[in-house]
Amino acid sequence: MNLYSVFFVPFIFIVFIVYYIVPIRYRYIWLLISSLVFYLSNGYSFVFGLSACIVLTHFSAGFISTIHEEKRRKTAFCIAIIAQLILFGCFRLASNRGLFVQLGVSFYSLQALSYIIEVYRKKYPAETNILKVALYICFFPTIISGPIERPANLLKQISEGGKFSYSLAHKGVYAILGGVLLKTMIANPINSMVDMAYSGYWQHTGAVMLWATILYGIQLFADFAGYSMLACGTANLLGFEIAQNFKQPYLAENVKEFWDRWHISLSKWLQDYIYIPLGGSRKGRIRKAINVFVVFMVSAVWHGSGFQFIVWGFLHFLYQFIPAKKTKYLGVRVIKSVACFALIDFAWLFFRADSLENALYILKSIFCQFDLKQTTYYGSYLLGKSKGELLFICLCVLIAFAVELIHEKGITVEALSTKIPLVVRWTIYIVLTLLIVVIYLRNYGTGGASFIYAGF
Amino acid sequence: MQDSNMEYKNFLRKYLIYMIILTVLAGGIVFLSLKEPFRTKIVRATSSENFTDEDVLTELINRADSHNDNSVLIIGDSIANQLFKNLDKDNDSADVLTSNAAFMITGQYVVFKHYIENHPECKDVYLIMHPLSLSRNFDYEWSYKYSATVLAKNHCLEDLEPSTRNTIYKMYGHLSLTGPFIYMIQESPVLRKLWLNYMAMNREIIPLSSTFELADMYMKNMFDICNSKGVELHLLSTPISMGHKEMIENITDDYAKSWTGSVFPDYIKDIYYYDNAMTEDLSHFSGVYSDREHLDEMIGCVYADEGILLGMR
């Protein structure tokens, strides 16, 4: 089960009802049980990685908090971090070879590391209740694909107990609806097109591969931002507020700004726990460049083990040297945003390809065998869809883009909807739900049931 | 606190209403897809066209159950079906009850068993299968639709060995093989699409202990029944494209070691390989080669030693 599966609908309904029936001081226990059911429904073998991480995190943080002598404290901290990294590394290596896959290990390991670091830095006290630490690590809205939470936010809310808030729950419902729409209307239909292009890359023209790469940029956003919205919305229903992971990333004017808007929880994590401890920008330009390089290499390795990810990370490292000057002219901003998207999408090509060799082959075909005429003549750009389906997808992308523009102005869809009469609003809900059900059924079995980032 | 409770109840009420709407919409689509006039429209809207084919295999079981004085039964996979289909119309001594590979050896056995029980005059049974069809295991793509549901719907699962029944129940679930579910699966392409894809994504295939495990089990049963009734059982291969030659060679040793291989040693040895140009999918004849005239010619080439089959043309 994931946040998008059909079984999640009755699951969250039951969790929600029982959660607010249970006395507030015991709610975390119910949430922990629900989280374990949710997570282990994907495979019982996942219990090994998760329980090892919980036990190690709880006891190492607890131990660090009891030591007062700074040197010993630092040694204990280093041992705890190394142990966590070894654990994470082993599971990731095994997962990459398909031997012992541990779902969400990349996300919950970072969350666990964040807790140990915060305890060491005395920014957050060690939690004495292992069940609360366990819930912090395996909180079901975030365990599979984040957002990567911090103890000061999530663990604090767990300790305080989630209280029902109508406005938060209302916001959550809109986030869930938005997430489902992004996933169903955009990410899933595009998924089969991108898959078709990339799995048979040698038989497509350069124009088709360029088109598929552009589509992949859109798919990745719709898929991951959709997931993050589902995660935030689900947490909101249960009275939790979790980190915002996306902030209109493709409206960024430069790549630096893009990273302030894309997968924010990971960017912040890398910034706070790697970039700044290494010295950030405080130790001169060369050292800053090295620090940025380290951050992007860590990010690349975190995303995957192939060389294509290293190239992706290296490209983003290079992008950091492009001057990032804001402009107030709309026309220039649009051009800069488009150029920024082009750079990012170029890097996505390496991110999506199965290997560096494939990525280079695709690049070569884009530059040397573009063949636009043949692509349009034979309709190969449709990539298995009909013209009507492709038009519908484009329409959905345009609507999503319009919503992003509205969000950029600081206006939420939720706020806009309150101005619509109740009957009209509910009619829109029903029509949208019907549309979601039909499109869900259309795409069922075409490979879009899981989330791209759940694979990391 | 009281305000919070009121807010919660207010929200819960709306949540419940929405859940009911969602259930009605999703259930409604599935329900309406069972019958016309909505069926076709919903199938198009949900892109379920590939799940609309009718159940043609039930007719085979019904024909096996209906008595006549014919003495020859021809059963087999879709290649055998292409070769022999309708040849029994002008023949008053043979019944052609060929089906497809997904019906598997288990389905062939059920048709055979029913036929033998209802045709005491039967003297010869021809089982004509591609070796890859003969060694086929249950899967989630085709066997549920073409084998398990057909057998369950016609109450024929009891004809199978307990171990096979267990495998079927374990893989597809008891519920999915009960009357109402089968009816809905067969009638609603939307539900069929959901269920087949769900199984393919979430369940695992139970592997065979040897390549010809199922074949051995049911060939032995057929052999024993034939012996007790004085019927001659013939196991023949369909003609096979050169494109499949390597795959056949890969299973030749397994076949030689199997029980079927010891009783029917010539089955693989006698295979007739034809040129790839005669087929598009490497299994069935296509283009001009699928014309009746050419198929008759092919029967003449492949089954030159089988007088009864030659006489069918």
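Overview of values
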read-out	value
Residues of the stretch B:193-206 that turn out to be of a type outside the set (Asp, Glu) and away from chain A (no Cβ under 11 Å), as a count	3
In the stretch B:12-46, residue farthest from the other protein chains (Cβ to nearest Cβ) [restricted to those that are over 30 Å from B:Thr106 (Cβ atoms), in contact (Cβ under 8 Å) with a residue 40 or more places away in the chain and part of a loop (DSSP other than H, G, I, E, B)]	B:Lys35
Of the criteria (1) under 29 Å from A:Ala353 (Cα atoms); (2) in contact with a helix residue (DSSP H, G or I) (Cβ under 7 Å, 6 or more places away or on another chain), which one A:Ile290 fails	(2)
Residue satisfying condition, being at pLDDT below 90, more than 28 Å from the chain's Cα centre (by Cα), at negative phi and not aromatic (Phe, Trp, Tyr), within set A:Thr446, A:Thr427, A:Thr376	A:Thr376
Residue count for the stretch B:117-152, restricted to those that are over 30 Å from B:Gly230 (Cβ atoms) and buried (at least 20 other Cβ atoms within 10 Å of the Cβ)	9
Residue within the stretch B:67-88 that is away from chain A (no Cβ under 12 Å) and farther than 30 Å from B:Val302 by Cβ present	yes
Number of positions in the stretch A:57-80 that are among the polar types (S, T, N, Q) and over 15 Å from A:Arg121 (Cβ atoms)	3
Single match in A:Tyr4, A:Tyr26 (criterion: of a type in the set (Ser, Thr, Tyr) and within 14 Å of chain B (Cβ to nearest Cβ))	A:Tyr4
Per-region count, the stretch B:203-215, residues part of a helix (DSSP H, G or I) and within 24 Å of B:Val302 (Cα to Cα)	1
Criterion (under 27 Å from the mean Cα position of the chain (by Cα), within 27 Å of A:His263 (Cβ to Cβ) and loosely packed, with under 12 Cβ neighbours inside 10 Å) met by exactly one of A:Ala402, A:Ala359, A:Ala339, A:Ala347	A:Ala402
Qualifying residues in the stretch B:47-59 (those that are surrounded by 15 or more Cβ atoms within 10 Å (Cβ to Cβ) and more than 9 Å from chain A (Cβ to nearest Cβ)) - the one farthest from A:Glu389 (Cα to Cα)	B:Thr58
Filter result (farther than 20 Å from A:Ala76 by Cβ and β-branched (Val, Ile, Thr)) within the stretch A:98-136	A:Val101, A:Val105
B:Phe112 vs. criteria out of contact with any Lys or Arg (no Cβ under 8 Å at 6 or more places or on another chain), under 22 Å from B:Lys153 (Cβ atoms) and either within 14 Å of another protein chain (Cβ to nearest Cβ) or surrounded by 16 or more Cβ atoms within 10 Å (Cβ to Cβ) (or both)	yes
Filter result (touching a Ser or Thr at 6+ places or on another chain (Cβ under 9 Å) and among the small types (Gly, Ala, Ser)) within the stretch B:48-73	B:Ser48, B:Ser71
Any hit, the stretch B:218-227, residues being farther than 30 Å from B:Ile29 by Cβ, under 17 Å from the mean Cα position of the chain (by Cα) and more than 14 Å from every other protein chain (Cβ to nearest Cβ)	yes
Verdict on A:Ser281 being at pLDDT below 90, touching a helix residue (DSSP H, G or I) at 6+ places or on another chain (Cβ under 9 Å) and more than 20 Å from A:Arg92 (Cβ to Cβ)	yes
Residue within the stretch B:52-59 that is assigned to a strand (DSSP E or B) and more than 13 Å from the chain's Cα centre (by Cα) present	no
Helices (runs of 4 or more DSSP H) within the stretch A:241-318 that include 2 or more residues under 30 Å from A:Ser165 (Cβ atoms)	A:255-261, A:264-270
Test: A:Tyr429 is at the interface with chain B (Cβ under 10 Å from one of its Cβ atoms), crowded, with 17+ Cβ neighbours inside 10 Å and touching a Lys or Arg at 6+ places or on another chain (Cβ under 7 Å)	no
A:Met209 being touching a residue at least 24 places away in the same chain (Cβ under 8 Å), under 25 Å from A:Lys156 (Cα atoms) and either under 19 Å from the mean Cα position of the chain (by Cα) or outside any loop (DSSP other than H, G, I, E, B) (or both)	no
When residues of the stretch B:179-192 are limited to those that are within 12 Å of another protein chain (Cβ to nearest Cβ), out of contact with any Asp or Glu (no Cβ under 9 Å at 6 or more places or on another chain) and of a type outside the set (S, T, N, Q), the one surrounded by the most Cβ atoms within 10 Å (Cβ to Cβ)	B:Val190
The one condition in (1) at pLDDT below 95; (2) part of a helix (DSSP H, G or I); (3) over 16 Å from A:Thr205 (Cα atoms) that A:Ala324 fails to fulfil	(2)
Filtered residue count, the stretch A:20-54, keeping only those that are over 28 Å from B:Met201 (Cβ atoms), without any contact (Cβ under 8 Å) to a residue 12 or more places away in the chain and among the aliphatic types (A, V, I, L, M)	2
Test: B:Ser176 is at pLDDT below 95 and buried (at least 23 other Cβ atoms within 10 Å of the Cβ)	no
Identity of the residue in the stretch A:137-164, of a type in the set (S, T, N, Q) and surrounded by fewer than 19 Cβ atoms within 10 Å (Cβ to Cβ), that ends up nearest to the other protein chains (Cβ to nearest Cβ)	A:Ser159
Scan of the stretch A:94-125 for residues that are without any contact (Cβ under 8 Å) to a residue 12 or more places away in the chain and outside any loop (DSSP other than H, G, I, E, B), ordered by number	A:Ala94, A:Ser95
Yes/no for A:Ala126 being away from chain B (no Cβ under 14 Å) and not β-branched (Val, Ile, Thr)	yes
Residues satisfying the stated conditions in the stretch B:267-299, i.e. closer than 16 Å to B:Ile74 by Cα and without any contact (Cβ under 8 Å) to a residue 24 or more places away in the chain	B:Asp296
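For (1) over 24 Å from A:Tyr4 (Cα atoms); (2) within 14 Å of another protein chain (Cβ to nearest Cβ), each residue gets a yes or a no:
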{"site": "A:Leu356", "(1), (2)": "yes, no"}
{"site": "A:Asp371", "(1), (2)": "yes, no"}
{"site": "A:Ser386", "(1), (2)": "yes, yes"}
{"site": "A:Cys396", "(1), (2)": "no, no"}
{"site": "A:Ala400", "(1), (2)": "no, no"}
{"site": "A:Arg425", "(1), (2)": "no, yes"}
{"site": "A:Leu434", "(1), (2)": "no, yes"}
{"site": "A:Ile439", "(1), (2)": "no, yes"}
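The values are calculated or read from the model by the stated rules, or taken from the named source; none is laboratory data. Values in this document were obtained by computation on a predicted structure and should not be read as measured data. Glycine gets a Cβ as well: all are built from the backbone with ideal geometry, and neighbour counts include every protein chain shown.
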